[in-house]
Amino acid sequence: MDFAKIITETTEEIFNCMIFIDIAASPPLAAGKQAMGCHVSAMIGLTGGLSAMLGIHCPSAVGLAVTGAMLGMELEEVDADVKDALGEIANMLAGGIKERLSTENIALELAIPTAVTGQSYVISAPKGSQRVVIPFTISQGQFFVEIKYQLN
Amino acid sequence: MEHAQEIINSTQEIFSSMIMLDVTPGEPFIRNNDKLINSISGIVGLAGATKGMLAIHMTNAAALAVTTAFLGMDVEEIDDDVRDAIGELANMLAGSIKSILDPSGSDIKLSMPSAIYGEDYSVDCLAGAEAVTVPFAFDGLGFVVELQLRKDS
């Protein structure tokens with residue numbers, strides 16, 4: 001279960017094949033560090049062989065750029081289209097992770113995505129859970145894909 | 001509204017048995033992704049044949065009062081203890097509602113709880129789920145419990 005590798009591969013695959021944006025992965029953030037400066041997030045629960053929450057966190061400009069590329073239109077504010085697009089990306093990322101972990105005999109089921117937006121928020125996970133956060137860079141800035149998990 | 005009564009039963013039971021607080025339900029409503037100000041939300045994903053999300057949204061003042069009662073110790077700011085308590089509360093509520101909606105235990109599985117907190121944020125559920133929210137009051141403070149469900153055909 002190398003989550004850094006799984007997240008990096010899954011995210012690259014989805015952005016290359018579905019969204020058509022070039023992204024550059026960076027090494028995982030140091031343990032305990034969280035994504036900063038993000039104003040739009042989408043998250044989705046996974047459960048089964050482990051219990052997890054997968055999230056994608058973006059500054060507004062990055063959320064707008066990614067959604068614009070996905071929908072083929074220009075967007076000016078974080079609206080329902082942006083939340084839906086990021087929710088769909090979270091769903092696709094969770095699906096990719098589920099598929100990769102099934103090859104390690106870890107079966108997972110997905111919940112439905114939730115969007116969190118706002119000027120000021122932090123998302124925390126329970127004590128004792130593990131967290132892996134990978135930053136990705138596009139021309140408008142950085143976004144973060146994060147998994148928090150506990151073994152069942 | 002569908003499932004409002006299950007939310008009320010589960011919430012009253014958990015609060016009276018685990019937190020020793022009597023909470024009074026108000027009129028169920030559809031939460032319109034309203035902004036949450038100086039608040040904390042505990043959310044748990046529901047996966048399986050029935051998918052969804054259970055969330056509890058509280059003002060910081062309500063979260064401090066609930067955590068103080070829950071842990072039996074004074075808490076004065078939104079720290080790790082409060083975040084864990086509100087996440088755990090969402091987890092207990094989701095477990096209780098699951099046991100009512102899915103008595104065989106095969107249809108709904110809970111994912112890991114998360115806490116979201118901040119000065120200004122909103123939490124939307126996506127993917128066309130049906131939602132119902134019930135407000136509760138105690139000691140002049142309030143919170144809401146929101147359930148979103150989507151049954152896959």
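Please go through region B:21-67 and pick out each residue that is of a type outside the set (A, V, I, L, M), facing chain A (nearest Cβ under 9 Å) and out of contact with any helix residue (DSSP H, G or I) (no Cβ under 8 Å at 6 or more places or on another chain).
Selection gives B:Asn33, B:Lys35, B:Gly45, B:Gly48, B:Lys51, B:Gly52.
Among the candidates A:Ile23, A:Ile14, A:Ile44, which residue alone is within 23 Å of A:Asp81 (Cβ to Cβ), more than 12 Å from the chain's Cα centre (by Cα) and touching a residue at least 24 places away in the same chain (Cβ under 8 Å)?
Working: A:Ile14 fails: more than 12 Å from the chain's Cα centre (by Cα); A:Ile44 fails: more than 12 Å from the chain's Cα centre (by Cα).
The unique qualifying residue is A:Ile23.
Kindly indicate the residue of region A:34-61 that is in contact with a Ser or Thr (Cβ under 8 Å, 6 or more places away or on another chain) and within 20 Å of A:Ile106 (Cα to Cα) and also farthest from the other protein chains (Cβ to nearest Cβ) among those meeting that condition.
My answer is A:Gly55.
Please go through region B:107-120 and pick out each residue that is more than 22 Å from B:Asp152 (Cα to Cα) and either without any contact (Cβ under 8 Å) to a residue 24 or more places away in the chain or surrounded by fewer than 24 Cβ atoms within 10 Å (Cβ to Cβ) (or both).
Correct list: B:Tyr117, B:Gly118, B:Glu119, B:Asp120.
Quickly run through region A:128-152 and pick out the residues that are under 12 Å from the mean Cα position of the chain (by Cα) and at the interface with chain B (Cβ under 7 Å from one of its Cβ atoms).
Residue satisfying the conditions is A:Lys148 alone.
Looking at region B:110-153 only, could you name the residues that are within 12 Å of the chain's Cα centre (by Cα), hydroxyl-bearing (Ser, Thr, Tyr) and under 14 Å from B:Asn33 (Cβ atoms)?
Within region B:110-153, just B:Thr133 meets the criteria.
Working carefully through the options A:Ala94, A:Ala90, A:Ala125, A:Ala85, find the one that is surrounded by 20 or more Cβ atoms within 10 Å (Cβ to Cβ) and facing chain B (nearest Cβ under 7 Å).
The match here is A:Ala125.
Can you give me the number of residues within region A:12-54 that are in a strand (DSSP E or B) and farther than 19 Å from B:Met112 by Cα?
Final tally of qualifying residues: 3.
Answer yes if at least one residue in region A:128-147 is assigned to a loop (DSSP other than H, G, I, E, B), among the β-branched types (Val, Ile, Thr), in contact with a Ser or Thr (Cβ under 6 Å, 6 or more places away or on another chain) and closer than 24 Å to B:Asn33 by Cβ, and no otherwise. Let's see the steps before the verdict.
Within region A:128-147, the first condition is being assigned to a loop (DSSP other than H, G, I, E, B), and the residues that meet it are A:128-129, A:139-140.
Add one more test, that the residue is among the β-branched types (Val, Ile, Thr), and what stays is none.
Within region A:128-147, not a single residue is assigned to a loop (DSSP other than H, G, I, E, B), among the β-branched types (Val, Ile, Thr), in contact with a Ser or Thr (Cβ under 6 Å, 6 or more places away or on another chain) and closer than 24 Å to B:Asn33 by Cβ.
Condition test on B:Val82, is it more than 18 Å from A:Ile123 (Cα to Cα) and crowded, with 16+ Cβ neighbours inside 10 Å?
Details: more than 18 Å from A:Ile123 (Cα to Cα): no; crowded, with 16+ Cβ neighbours inside 10 Å: yes.
For B:Val82, the condition - more than 18 Å from A:Ile123 (Cα to Cα) and crowded, with 16+ Cβ neighbours inside 10 Å - is not met.
Checking B:Ser104 against (1) free of Cβ contacts under 8 Å to residues at least 60 places away in the same chain; (2) at the interface with chain A (Cβ under 10 Å from one of its Cβ atoms); (3) not in a helix (DSSP H, G or I), which single condition isn't satisfied?
Result: B:Ser104 passes all but (2).
Could you tell me which residue of region A:98-114 is surrounded by the most Cβ atoms within 10 Å (Cβ to Cβ), considering only residues that are assigned to a loop (DSSP other than H, G, I, E, B) and more than 7 Å from chain B (Cβ to nearest Cβ)?
As a first pass, look at region A:98-114 and keep what is assigned to a loop (DSSP other than H, G, I, E, B): A:103-107, A:111-113.
Filter once more, keeping what is more than 7 Å from chain B (Cβ to nearest Cβ): A:103-107.
Numbers: A:Thr103: 7, A:Glu104: 10, A:Asn105: 7, A:Ile106: 17, A:Ala107: 11.
Here the answer is A:Ile106.
When you go through B:Val123, B:Val144 one by one, which is the residue that is at pLDDT 95 or above and touching a strand residue (DSSP E or B) at 6+ places or on another chain (Cβ under 6 Å)? Give the steps one after another, and end with the answer.
Working: B:Val123 fails: at pLDDT 95 or above.
Selected residue: B:Val144, the only one of B:Val123, B:Val144 that is at pLDDT 95 or above and touching a strand residue (DSSP E or B) at 6+ places or on another chain (Cβ under 6 Å).
Which condition number in (1) at positive phi; (2) free of Cβ contacts under 8 Å to residues at least 24 places away in the same chain is the one that A:Glu74 fails?
The failed condition is (1).
What number of residues in region A:51-61 are buried (at least 24 other Cβ atoms within 10 Å of the Cβ) and within 15 Å of A:Asp84 (Cα to Cα)?
Selection size over region A:51-61: 4.
Within region B:107-136, can you find the residues that are part of a strand (DSSP E or B) and either of a type in the set (S, T, N, Q) or more than 13 Å from chain A (Cβ to nearest Cβ) (or both)?
Answer for region B:107-136, where residues must be part of a strand (DSSP E or B) and either of a type in the set (S, T, N, Q) or more than 13 Å from chain A (Cβ to nearest Cβ) (or both): B:Ser114, B:Ser122, B:Val132, B:Thr133, B:Val134, B:Pro135, B:Phe136.
Suppose we filter B:Asp34, B:Asp74 for residues that are surrounded by fewer than 23 Cβ atoms within 10 Å (Cβ to Cβ) and either touching a residue at least 40 places away in the same chain (Cβ under 8 Å) or in a strand (DSSP E or B) (or both); which single one remains?
B:Asp34
The values are calculated or read from the model by the stated rules, or taken from the named source; none is laboratory data. Remember, predicted model here, so these are calculated numbers, not experimental data. Virtual Cβ from ideal backbone geometry, glycine too; neighbours counted across all protein chains shown.
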